[in-house]
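Input: a single structure, listed below in structure tokens.
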Amino acid sequence: MKTFDAIEKRHSTREYKDQPVPKEMLEALVDAGRRAPSARAVEPWEFVVVTDRGRLDILASLVSTGAFLKQATACIVVLCEDVKYFLEDGAAATQNILLAATDLGLGTCWIAGDKKEYAPDALKLLDVPPGYKLVSLVAVGWPAKSSHQHKKRKLKEVIHWERFVERPRNKDPRIERVLEANSKLFPPK
Ligand SMILES: Cc1cc2nc3c(=O)[nH]c(=O)nc-3n(C[C@H](O)[C@H](O)[C@H](O)COP(=O)(O)O)c2cc1C
């Protein structure tokens, strides 16, 4: 698959078939992850591949925003040593995994890590030693149905040539609802 095709085809999959992902494919995904760029070339990452049904089910119950791990047949947990650019490095590795999985016809979903309240419990479940951050959990499996990428803002809305040009932003009603709720909770001073 061409790189640009993988970028266009990649989308979040949250429904999976009950069909295992071959070990070689999971290894290929981690191989793609470890080839990501990293600040100062420190490569702070480690990848825990979870395929055991029982462990996936525990993760699904711990990880409030990833209950669909109950269906996924694998999860690649991206960890980084707590270095200055851990989040950027780990995010680059995560995106490589998503694109490589798309190329293999696998479905994935990026599940949030470090900022979530479940991060310490997930690290504990996986016996991660102190000093590592949970960057992401990537659900992996064979998609149960065909789907497509969430609608994106248009190129002409996001591109600026030479300098930033302010222009009215198309409003997404979901974002508007969050902003409205926040402004009630935290009224401007
Ligand atoms: C940093 C990050 C954290 C995310 N966390 C979650 C998550 O915890 N649970 C989830 O279902 N999706 C999560 N997603 C997936 C997004 O919801 C998804 O990418 C977005 O809705 C756009 O859809 P698309 O991936 O099909 O383009 C996350 C994505 C990113 C980049």
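Pick out which of LYS133, LYS70, LYS152 has the largest mean-square fluctuation in a Gaussian network model of the chain, springs linking Cα atoms closer than 10 Å.
Top of the fluctuation ranking is LYS152.
Work out how much length ASP18 to GLU117 would gain on full extension: take 0.36 nm times their residue separation and subtract the Cα-Cα distance, in nm to one decimal.
Result for the pair: 32.8 nm of gain on full extension.
Determine ³J(HN,Hα), in whole Hz, for all residues of the stretch 33-39 in sequence, where each value follows from phi through the Karplus function 6.51 cos²θ - 1.76 cosθ + 1.60 and θ = phi - 60°; x replaces Gly and Pro.
The phi angles translate into x, 6, 8, 5, x, 9, 4 Hz.
Where a Cα-Cα gap under 19 Å defines reach, which lysines qualify for LYS152, not counting those fewer than 8 residues away within the same chain?
Leaving aside lysines fewer than 8 places away in the same chain, those within reach of LYS152 are LYS9, LYS171.
Between HIS148 and MET25, what length in nm is gained on full extension when 0.36 nm per residue of separation is reduced by their alpha carbon distance?
That pair, HIS148 and MET25, stretches by 42.1 nm at full extension.
If you take every residue apart from MET25 with its C-beta less than 12 Å away from the C-beta of MET25, what net charge results, scoring Lys and Arg +1 and Asp and Glu -1?
Net charge in that neighbourhood comes out at -3.
Taking the chain as a Gaussian network, where each spring joins two C-alpha atoms under 10 Å apart, which residue of PRO37, PRO129, PRO20 fluctuates the most?
For the chain, modelled as a Gaussian network with Cα springs under 10 Å, the answer is PRO129.
Å³ per residue of the Cα convex hull, for the chain?
Cα-based convex hull of the chain, divided per residue, equals 179 Å³.
Among residues other than ALA72 whose Cβ falls under 13 Å from its Cβ, what is the net charge (Lys/Arg +1, Asp/Glu -1)?
With Lys, Arg at +1 and Asp, Glu at -1, the neighbours total +1.
Among LEU69, LEU134, LEU125, whose mean-square fluctuation peaks in a Gaussian network model of the chain (Cα, cutoff 10 Å)?
Of LEU69, LEU134, LEU125, the most mobile in the Gaussian network model is LEU125.
Give me the percent of DSSP beta bridges within the chain that run antiparallel, rounded to the nearest 5.
Counting DSSP beta bridges with both partners in the chain, the antiparallel share is about 95 percent.
Placing unit charges on C-beta atoms (Lys and Arg positive, Asp and Glu negative, everything else neutral), compute the dipole magnitude of the stretch 23-71 about its Cα centre in debye, rounded to 20.
100 debye
Please give the contour-minus-distance gain from SER64 to THR3: 0.36 nm per residue of separation, less the Cα-Cα distance, rounded to one decimal in nm.
Result for the pair: 18.7 nm of gain on full extension.
Laboratory data are not the source of any read-out in this text; all were calculated from the coordinates shown. None of these values were measured; they are calculated from a predicted model. Backbone-built Cβ (ideal geometry, glycine too); neighbour counts: all protein chains shown.
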